[in-house]
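**Q** Here's a structure for you.
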Amino acid sequence: MQVAVLKLGLCCEKTKKKAMSTVCGLSGVNAVDVKDGKLTVTGEIDAYIVVKKLKKVCFTEIISVGPVKEPEKKPPEPKKPDEPKPPEVICHYVPSPCPPPYYPYYRCGNDDPNACVTS
């Protein structure tokens, strides 16, 4: 993996899109980024071939070519053993203090005077 930073002579948005599509069409390209007229290409690439293809689109100049810098890994911070653990909550349900009221489910309309009977 290597990174190539190229300076492009971009005059308009159309040229920028054309340069991006040209580079993205090359084999081995993983990432392409354009900022302030500089094109950054990352992947298994040959910088000479990239410049050769881009010269057909716009002015191209190599700024730098090198290996990809991997981000430095920070060592994990040691844990403090003095921190107390919060208590584990097992159940949030609190049962009601009295049983639910009884409702008879099977009623006949004639037994209850308050029942609504349609005829």
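**Q** Taking a cut-off of 21 Å between Cα atoms, list the lysines near K18, but don't count ones fewer than 8 places away on the same chain.
**A** The reachable lysines, counting only those whose Cα sits under 21 Å from K18, are K7, K35, K38, K52, K53, K55, K56.
**Q** Moving on. With every protein chain left in place, what is the accessible area per residue of segment 24-95 in square angstrom, probe 1.4 Å?
**A** On the way: 6620 Å² over 72 residues.
Result: 92 Å² of accessible area for each residue.
**Q** Something else: What number comes out for the charge environment of V32, summing +1 per Lys or Arg and -1 per Asp or Glu over other residues with Cβ under 12 Å away?
**A** Details: positive: K16, K17, K35, K38; negative: D33.
The answer is +3.
**Q** Read phi for every residue in segment 24-41 and hand back ³J(HN,Hα) as whole Hz from Karplus 6.51 cos²θ - 1.76 cosθ + 1.60, θ = phi - 60°, with x for Gly and Pro.
**A** Once θ is set to phi - 60°, the couplings for segment 24-41 become 5, x, 6, 6, x, 7, 9, 8, 9, 9, 10, 9, 6, x, 10, 9, 10, 10 Hz.
**Q** Between E61 and K85, what is the spin-label point distance in nm, taking each point 7 Å from the Cα along the Cα→C-beta axis?
**A** For the pair E61/K85, the computed spacing is 6.3 nm.
**Q** Turning to a different aspect of this structure: Segment 17-82: Rg/Rh from Cα coordinates, Kirkwood Rh? Write out the running numbers ahead of the final one.
**A** Working: Rg = 17.8 Å, Rh = 14.2 Å.
For segment 17-82, the value is 1.26.
The values are calculated or read from the model by the stated rules, or taken from the named source; none is laboratory data. This structure is a prediction, so every number in the text was calculated from the model and none was measured. Every residue, glycine among them, receives a Cβ derived from its backbone with ideal geometry; neighbour counts consider all protein chains shown. The area values use the complete protein model at the heavy-atom level, side chains included, leaving out ligands, DNA and RNA. Shrake-Rupley method; radii C 1.70, N 1.55, O 1.52, S 1.80 Å.
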